[in-house]
Amino acid sequence: MERAERGSWLGLVALAIAAFIAAALTATAYWPGLMSWDPVRQYGEALSGDITDWHPPMMQWVWRGLLRLHAGPAPMMLLELVLYWGGLTLFAATMWRRNRPRLAWWLLACGLFPLGLVLTGTILKDSLMAGALVAATSILVARGRRRRAATTTVAVLFLFFAAALRFNAFTACLPLLVALLPQAWRRTWPRLGASCLVATAALMLSMPVVNWLIGATRSGVQLSLVIFDLGGITKYSGINVFPPELKVADAVRVNHGCYTPVKWDSYSDWVDPECPLGFSAWNDLPVSPHPYASWLRAVLAHPFAYARHRLVHFAINTRLVPVADTVERPVPAASAPNVWGFHVTDNPGLRLLDTLAVTMAHTPLGWPIVWIALALGAVIVGRGGPNASLIVPLALSSLLYGTGYLAFSVAAELRYHLWTGLAALLATVLVAGDGRAIPVRRLCFAYAPTVLVVLAGAGIRLFAR
């Protein structure tokens, strides 16, 4: 008995050491933390305390607290790494205690996902959100059937923290939050439906409530999605759907020069020259038309143009169609210029991780559409299995979050799909370790979408040459 207990503890220690080494690799490669344009702006707001809602105020508020420990990006990077690798270690350790050592190591190895290795060394809301979701998932696994109120509360807090970091994060949090609810709340379909509605509303309120509590200044960031969609509808319908108050002559022609299905930035106020239909034009109006009313009228009047715009962008966002690195590099390679002089120094570790992430991005393993398909397969196969209570929520989290970009996306950066890929990978490993014989017909049905999107993506790339 003592030998078995000693072996168990040694295994747990080995898992923790392996996670620490992996985290240290990222930390040393990207020290003190890579800062692109977004975190440069966020850090400035954290320093001054003058926080806007252009980027999630929750992150600036947390960063402002971390400044008491140390200036610069390093504390935020370490927080991302602690959440990411700490959550994965707890996840793996739980499986080790359940006498699943091989599965434990495979789950921990999911953290070596090249996109995760790079982005946890980059200061990003996506990385912090993914870390919070990993932490919540690990607590969901560790609590097992005990369902203690304290551990459940901590997991729920992590989910609401994640929901406050991206306006579309509620799609990722919902399945995990529902899985944390008491069994009685989801025993029947009506109860499950009611629980999902209440949970969705609560998660969607997380960001605006946090922004209000922090006292963040409203920036009009919601215009980015509205303008992007109006631009797409105008492009594909050939009819101007922008508000007449903008008073732009031949708006269809003007929009043709502004619109690109890749991202909304061509309408922003940081491009030169600015688009006459863009952000500044809306803000300069004496009385701005309600953006959501303009959006709804345009969508209802031209649903097919809206659908075409969204589908084309989704294909780019999920890499069903290729995106040149000159347009959207898979991962950032250097910090943006900043007045504080924070930057990452070129080193072998950085070059290694960057090469791994960029190489993966140019294979089907780096296409979010493949991760979404894998998540769908895990939902289908995982149902009814011994780990269904974990596999299904985790796979649904990946699936809903990834497909949610069909409606909510304004850009095509791969970082948006860090959680999509990691959650799909974890769910797939759990399916593989389920230890039950799955009928071949069910496997073929479940993973046919994965095969189809790989073939479609490969065919598109072949003919695009």
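Every residue, every condition in (1) more than 12 Å from Asn317 (Cα to Cα); (2) in contact with a Cys (Cβ under 8 Å, 6 or more places away or on another chain); (3) not small (Gly, Ala, Ser), yes or no:
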residue: Tyr416; (1), (2), (3): no, no, yes
residue: Thr420; (1), (2), (3): yes, no, yes
residue: Leu426; (1), (2), (3): yes, yes, yes
residue: Arg436; (1), (2), (3): yes, no, yes
residue: Leu452; (1), (2), (3): yes, no, yes
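Given the criterion closer than 11 Å to Tyr84 by Cα and open to solvent by less than 10 Å² (accessible area, probe 1.4 Å), identify the matching residue among Ala130, Ala155, Ala163. Give the derivation first.
Details: Ala155 fails: closer than 11 Å to Tyr84 by Cα; Ala163 fails: closer than 11 Å to Tyr84 by Cα.
None of the others qualify; the one that does is Ala130.
Filtered by the rule that a residue be open to solvent by 60 Å² or more (accessible area, probe 1.4 Å), in contact with a helix residue (DSSP H, G or I) (Cβ under 8 Å, 6 or more places away or on another chain) and either assigned to a loop (DSSP other than H, G, I, E, B) or over 18 Å from Arg143 (Cα atoms) (or both), region 65-100 gives Leu69, Leu78, Val82. Pairing residues of region 303-328 that are under 21 Å from Met360 (Cα atoms) with residues that are of a type in the set (Lys, Arg), at Cβ distances under 6 Å and at least 6 apart in sequence or on separate chains, gives Pro322/Arg461.
Would you be able to say whether some residue in region 60-79 is touching a Lys or Arg at 6+ places or on another chain (Cβ under 9 Å) and at pLDDT below 95? Looking for residues that are touching a Lys or Arg at 6+ places or on another chain (Cβ under 9 Å) and at pLDDT below 95, one finds none in region 60-79, hence no.
Can you find, within region 133-152, the residue that is nearest to Tyr43 (Cα to Cα) among those that are open to solvent by less than 10 Å² (accessible area, probe 1.4 Å) and β-branched (Val, Ile, Thr)? Here the answer is Val134. For region 239-266, a residue qualifies if it is farther than 17 Å from Glu328 by Cα, open to solvent by less than 40 Å² (accessible area, probe 1.4 Å) and outside any loop (DSSP other than H, G, I, E, B), and the qualifying residues are Leu246, Ala251, Val254, Asn255, Cys258.
Applying the selection to region 182-202, what residues are aliphatic (A, V, I, L, M) and open to solvent by less than 30 Å² (accessible area, probe 1.4 Å)? Reasoning before the result, please.
Keep residues of region 182-202 that are aliphatic (A, V, I, L, M), which gives 184, 192, 194, 197-199, 201-202.
Selection gives Ala199 alone.
Being crowded, with 20+ Cβ neighbours inside 10 Å, touching a residue at least 60 places away in the same chain (Cβ under 8 Å) and among the small types (Gly, Ala, Ser) is true of Gly111. Checked against (1) surrounded by fewer than 22 Cβ atoms within 10 Å (Cβ to Cβ); (2) at pLDDT 95 or above; (3) not acidic (Asp, Glu); (4) not in a helix (DSSP H, G or I), Trp54 meets all criteria but (2). Residue pairs whose Cβ atoms lie under 8 Å apart, separated by 6 or more positions or on different chains, with the first residue in region 134-145 and under 18 Å from Ala109 (Cα atoms) and at pLDDT 95 or above and the second charged (D, E, K, R) and in a helix (DSSP H, G or I), do not occur.
Among residues belonging to region 335-359 that are hydrophobic (A, V, I, L, M, F, W, C), open to solvent by 20 Å² or more (accessible area, probe 1.4 Å) and part of a helix (DSSP H, G or I), point out the one that is nearest to Leu406 (Cα to Cα). Once the filter is applied, the top-ranked residue is Val358. The residue that is modelled with the lowest pLDDT, among those in region 189-220 that are of a type in the set (Ser, Thr, Tyr) and within 23 Å of the chain's Cα centre (by Cα), is Ser219. Looking only at residues in region 281-319 that are in a loop (DSSP other than H, G, I, E, B) and within 17 Å of Ser409 (Cβ to Cβ), the one that is least open to solvent (accessible area, probe 1.4 Å) is Thr318. Against the list (1) modelled with pLDDT of 95 or more; (2) over 25 Å from Pro39 (Cα atoms); (3) under 24 Å from the mean Cα position of the chain (by Cα), the condition Ala357 fails is (2).
Cβ-Cβ distance below 7 Å, separation of 6 or more or different chains: which pairs start in region 157-181 with a residue that is without any contact (Cβ under 8 Å) to a residue 60 or more places away in the chain and end on one that is polar (S, T, N, Q)? What qualifies is Phe160/Ser206; Ala163/Ser206; Phe170/Thr200; Leu180/Thr152; Leu181/Ser195. Checked against (1) over 11 Å from Pro291 (Cβ atoms); (2) modelled with pLDDT of 95 or more, Ala251 passes all but condition (2).
Counted as qualifying within region 378-465 are the helices (runs of 4 or more DSSP H) with 3 or more residues that are closer than 27 Å to Leu128 by Cβ and either open to solvent by less than 20 Å² (accessible area, probe 1.4 Å) or in contact with a Phe, Trp or Tyr (Cβ under 6 Å, 6 or more places away or on another chain) (or both), namely 388-408, 418-432.
The values are calculated or read from the model by the stated rules, or taken from the named source; none is laboratory data. Note that the structure is predicted; figures quoted are calculated from it, not measured. All Cβ positions, even for glycine, are placed from backbone atoms using ideal geometry, and neighbour counts span all protein chains on display. We work out accessible area using only protein heavy atoms, side chains counted, and drop any ligands, DNA or RNA first. Shrake-Rupley method; radii C 1.70, N 1.55, O 1.52, S 1.80 Å.
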